[in-house]
Amino acid sequence: MALLKVLEFPDARLRTKASPVTEFGPPLSGLVRDMFETMYAAPGIGLAATQVDVHQRLLVLDVSKNRDEPRVFVNPQFTLLDQECAENDEGCLSVPGFYESVVRPQNISVTAQNEHGEGFNLEAHGLMAVCIQHEIDHLNGKLFVDYLSSLKRERIRQKLKKQRKLDA
Ligand code: QAP
Ligand code: CO
């Protein structure tokens, strides 16, 4: 098991569009295990492969209260079930320390594969729907700060830069 290094905004690698996963097997399972370990340690509710500098279409999440419902989505796609949107505070392991309100659809249908390559379909609502969309955005090179005003985004960029200087 290993904790993976998480890329931080504004790292250009977070802008990479990930490629479909085509190889299922031990290397993928090892990556999934390490991504869960990294997510639970943070602690976080979701992590996309892009964030650990692996540019493949894979994400893990666990939005359960007891942290005992790990879910893996390989090559995920979603459609809206209706037009209902709501505002939620979002954070991101790649934007540590910052939480901002983002408006997103609340009801989606998701198709994906599990880590063995078997297809599945599920409906997601509320936080689970928000988290899946946030993580799929990562696979497309998009961050939640992109939904904020440029003023807010630049302030976050400056504060993270200062914080990293203090940490160094
Ligand atoms: C995405 O994000 C998400 O700032 C997952 O210092 C979050 O798990 C979707 C984290 C909220 C919807 C709502 C953030 C950990 C974890 C931090 C996360 C931090 C440590 C973020
Ligand atoms: Co994120």
Quiz item: Residues of the range 82-116 being on the phi < 0 side of the Ramachandran plot, touching a helix residue (DSSP H, G or I) at 6+ places or on another chain (Cβ under 9 Å) and in a loop (DSSP other than H, G, I, E, B), which ones?
Solution: G91, C92, L93, S94, V95, P96, F98, Q106, E115, H116
Quiz item: Does L148 fit the bill of being at pLDDT 95 or above, within 10 Å of ligand 1 (Cβ to nearest atom) and open to solvent by less than 60 Å² (accessible area, probe 1.4 Å)?
Solution: no
Quiz item: Mind checking which pairs have a first residue in the range 16-39 that is outside any strand (DSSP E or B) and a second that is basic (K, R), Cβ under 9 Å, 6 or more apart or different chains?
Solution: A18/R57; P20/R57; V21/R57; T38/K5
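The values are calculated or read from the model by the stated rules, or taken from the named source; none is laboratory data. Keep in mind it's a predicted model, so treat the numbers as computed, not measured. Ideal geometry is used to build each Cβ from the backbone, glycine not excepted, and the neighbour counts take in all protein chains shown. Ligands, DNA and RNA are stripped out before the accessible areas are found, and what is left, the full protein with its side chains, is counted by its heavy atoms. Shrake-Rupley method; radii C 1.70, N 1.55, O 1.52, S 1.80 Å.
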